[in-house]
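As structure tokens, the structure follows; a few thoughts come after it.
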Amino acid sequence: MVKISPSILSANFACLQSELKKVEGAEWIHIDVMDGRFVPSITIGPLVVKALRKITQQVLDVHLMIEHPEKHVAAFAEAGADIIVVHAEACKDLGAVLEQIKGLGCKAGVSIKPGTDVSEIEHVLHMADVVLVMTVEPGFGGQKFMPHALSKVTKLKEIALQKNLSFEVEVDGGINKDNCAAVAGAGADVLVAGSAIFYSQDPAAMLRTIREKADASA
Ligand code: DX5
Ligand code: ZN
């Protein structure tokens, strides 16, 4: 079964508790952390993760789009993150950062932007619990899905099979009810969706629709 990780970037920040209630059918909650340096926007930090930790048992999937993530992973772990994902493009020593995250008791993830090839992270795949493939340029919600990035999902699943690795492949950016089947069909284990879910009239129903369509082609 495909997991869904609704991105709260498109939720109403004035009432996150009731927004989370709408997506309680999701296994994971995706939290987009942006620093105004690695990406142009600034979003949220560990304090919000800490607040969310108090109101949900769902897996907190923290996507760090920040420079020098090694300086901040401890704060996110302490705040209650379950999974901490860092960008390959932001790390000088990616293996060391993944080790650091695991040492903090969290699952470790690595993310690649649309222009970054799988070969850039092949050396750390044995250490990763999650590999997050971006299907938009990181920085904003509500962008258009880039289908070409799906070949990376297929490639990652091939490598996992060949090398007997157990990381989950998460796909993030522009996912909606019309393309989720293709994403799941390419082999994705986890689908992030922000605007498609939170901007819909009925987020809980949209979550179910995306899940059903994805499961049908997984
Ligand atoms: C983009 C973020 C995504 C994004 C997803 O930088 O990492 O998680 O918010 O939102 P949608 O589904 O609207 O593309
Ligand atoms: Zn994200």
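Every number in this text was worked out from the coordinates using simple rules, so none of it is lab data. All figures in this text were calculated on a predicted structure; none of them were measured in a lab. Note that each Cβ is placed from the backbone with ideal geometry, even for glycine, and that neighbours are counted across all protein chains shown.
Of all the listed residues (Gly95, Gly25), the sole one being away from ligand 2 (no atom under 16 Å from the Cβ), of a type in the set (Gly, Ala, Ser) and part of a loop (DSSP other than H, G, I, E, B) is Gly25. Among the residues of the range 133-168, just one is of a type in the set (A, V, I, L, M), under 14 Å from Ser5 (Cβ atoms) and more than 10 Å from ligand 1 (Cβ to nearest atom), namely Val133.
Within the range 13-35, the set of residues being touching a helix residue (DSSP H, G or I) at 6+ places or on another chain (Cβ under 9 Å) and among the aliphatic types (A, V, I, L, M) comprises Leu16, Leu20, Val23, Ala26, Ile29, Ile31, Val33, Met34.
In the range 169-208, of all residues being polar (S, T, N, Q) and without any contact (Cβ under 8 Å) to a residue 40 or more places away in the chain, the one that is farthest from ligand 1 (Cβ to nearest atom) corresponds to Gln201.
Evaluation of Lys155 against the conditions (1) within 22 Å of Ala26 (Cα to Cα); (2) without any contact (Cβ under 8 Å) to a residue 40 or more places away in the chain; (3) not aromatic (Phe, Trp, Tyr) shows that the sole unmet condition is (1). Output yes when any residue across the range 94-107 is among the β-branched types (Val, Ile, Thr) and under 21 Å from Val2 (Cβ atoms), and no when none is. Taking every residue of the range 94-107 in turn, none turns out to be among the β-branched types (Val, Ile, Thr) and under 21 Å from Val2 (Cβ atoms).
Residue-wise test of (1) under 27 Å from Val73 (Cα atoms); (2) without any contact (Cβ under 8 Å) to a residue 40 or more places away in the chain; (3) surrounded by fewer than 24 Cβ atoms within 10 Å (Cβ to Cβ).
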{"site": "Cys106", "(1), (2), (3)": "yes, yes, yes"}
{"site": "His126", "(1), (2), (3)": "yes, yes, yes"}
{"site": "Phe140", "(1), (2), (3)": "yes, no, yes"}
{"site": "Asn164", "(1), (2), (3)": "no, yes, yes"}
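The condition of being surrounded by 16 or more Cβ atoms within 10 Å (Cβ to Cβ), touching a residue at least 12 places away in the same chain (Cβ under 8 Å) and more than 16 Å from ligand 1 (Cβ to nearest atom) holds for only one of Val48, Val130, Val62, Val73, that being Val73.
The listed residues are Gly25, Gly36, and the only one of them that is on the phi > 0 side of the Ramachandran plot and not charged (D, E, K, R) turns out to be Gly36. In the range 53-62, is there at least one residue being farther than 25 Å from His126 by Cβ and aliphatic (A, V, I, L, M)? Checked the range 53-62: at least one residue is farther than 25 Å from His126 by Cβ and aliphatic (A, V, I, L, M).
Yes or no, residue by residue, for (1) within 29 Å of Leu94 (Cβ to Cβ); (2) within 16 Å of ligand 2 (Cβ to nearest atom):
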{"position": "Phe140", "(1), (2)": "yes, yes"}
{"position": "His148", "(1), (2)": "yes, no"}
{"position": "Leu165", "(1), (2)": "yes, no"}
{"position": "Ile175", "(1), (2)": "yes, yes"}
{"position": "Ala181", "(1), (2)": "no, no"}
{"position": "Leu191", "(1), (2)": "yes, yes"}
{"position": "Ser195", "(1), (2)": "no, yes"}
{"position": "Asp202", "(1), (2)": "no, no"}
{"position": "Arg208", "(1), (2)": "no, no"}
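Just so you know, in the range 184-204 the residues that are in contact with a Leu (Cβ under 6 Å, 6 or more places away or on another chain) and within 21 Å of Val62 (Cα to Cα) include one that is surrounded by the most Cβ atoms within 10 Å (Cβ to Cβ), and it is Ile197. Quick one: which residue in Val131, Val136 is within 18 Å of His63 (Cα to Cα), in a strand (DSSP E or B) and within 15 Å of ligand 2 (Cβ to nearest atom)? The match here is Val131. Met34 fulfils the conditions (1) out of contact with any Asp or Glu (no Cβ under 9 Å at 6 or more places or on another chain); (2) in a helix (DSSP H, G or I); (3) not charged (D, E, K, R) except for a single criterion, (2).
Taking the criterion of being of a type outside the set (A, V, I, L, M, F, W, C) and assigned to a loop (DSSP other than H, G, I, E, B), the only residue of the range 1-22 that qualifies is Asn12.
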